[in-house]
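These notes concern the structure reproduced below.
Bear in mind that the values in this text are calculations on the coordinates, not laboratory data. Because the structure is predicted, anything quoted here is derived from the model rather than measured. Cβ placement follows ideal geometry from the backbone for every residue including glycine, while neighbour counts extend to all protein chains displayed.
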Amino acid sequence: MPEPLLPLFPLSLVLLPATPLPLHIFEDRYKEMMGDIIPDRREFGVVLAREGGVANIGCTATVEQVLRRYPDGQLDVATMGRRRFQILSLDDEKSYLRASVEFFNDDDAEAAPARLRGRAVTAYKKLRDVLQEQPSVEPRLDDPQLSFQLAQFVEDLDHRQAILGMKSETERLEFFVRSLPDYLTKRERVMLARRVGPQNGHAKHYTE
């Protein structure tokens, strides 16, 4: 029996397995989607919205809690990333997009080396220091798929999309450790520009 079509929610973000995603539902088509999936706790697919379409690989989510219902049908929901999938074909018969998908797991089921996990955690702590803020959700550092826990704090969507598609925990952690220095450099430049920017272009006033 074929898998039922998976409801899709295109967003300007990349959801990773076992990571939280709060959502505010306000469009009518996604109100309809939530009405279809919440009663039976069905999954829906979160995919990165790209110019002219959606990314081919995404992650399912389930609604863990309805935080608030508004009189006009809007919702605040807490969702959690679940399974990775690849889109085989799209269906637009309903108001929201659905897809025929193929779910996938890692090809390499072996645990990543402890030394590599340690390097990845050290890199994450450096990232947290650069951001100069405590994360709203602490990563689970004992998670077998540590890469997903850490990558959720990287804002670069291409980086997160690449990690989502990799089928080896060792490969993902190596990529995270290898690519983070360049990402940190870019983040530091952005943060410096934000601090310096407001000071530029303002005339000084002198009093006699």
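General remarks:
- For the stretch 133-158 and the stretch 1-52, distance of Cα centres in Å: 21
- Straight-line cross-link reach from Lys94 at under 24 Å between alpha-carbon atoms covers these lysines, not counting any fewer than eight positions away in the same chain: Lys31.
- Residue (of Phe44, Gln145, Ser100) at the positive-pole extreme of the chain, dipole from beta-carbon charges: Gln145
- Simple label model, 7 Å out from Cα along Cβ direction - Arg42 to Glu171, nm: 3.2
- Across the stretch 6-104, the relative contact order, built from alpha-carbon pairs under 8 Å that are at least six residues apart, equals 34 percent.
- Label point at Ser12 placed 7 Å out along Cα→Cβ; residues across the stretch 38-75 whose backbone nitrogen lies under 11 Å: 49
- Take every Cα pair under 8 Å whose residues are at least 6 apart in sequence, average their separation, divide by the length of the stretch 38-188, and the relative contact order is 17 percent.
- Among the trypsin sites (Lys or Arg not before Pro) found in the stretch 92-198, those both in a DSSP coil and sparsely packed, with 16 or fewer other Cβ atoms within 10 Å of their Cβ, are Lys94, Arg140, Lys167.
- Label-to-label distance, Glu102 versus Leu88, with points set 7 angstrom from Cα along the beta-carbon direction: 0.8 nm.
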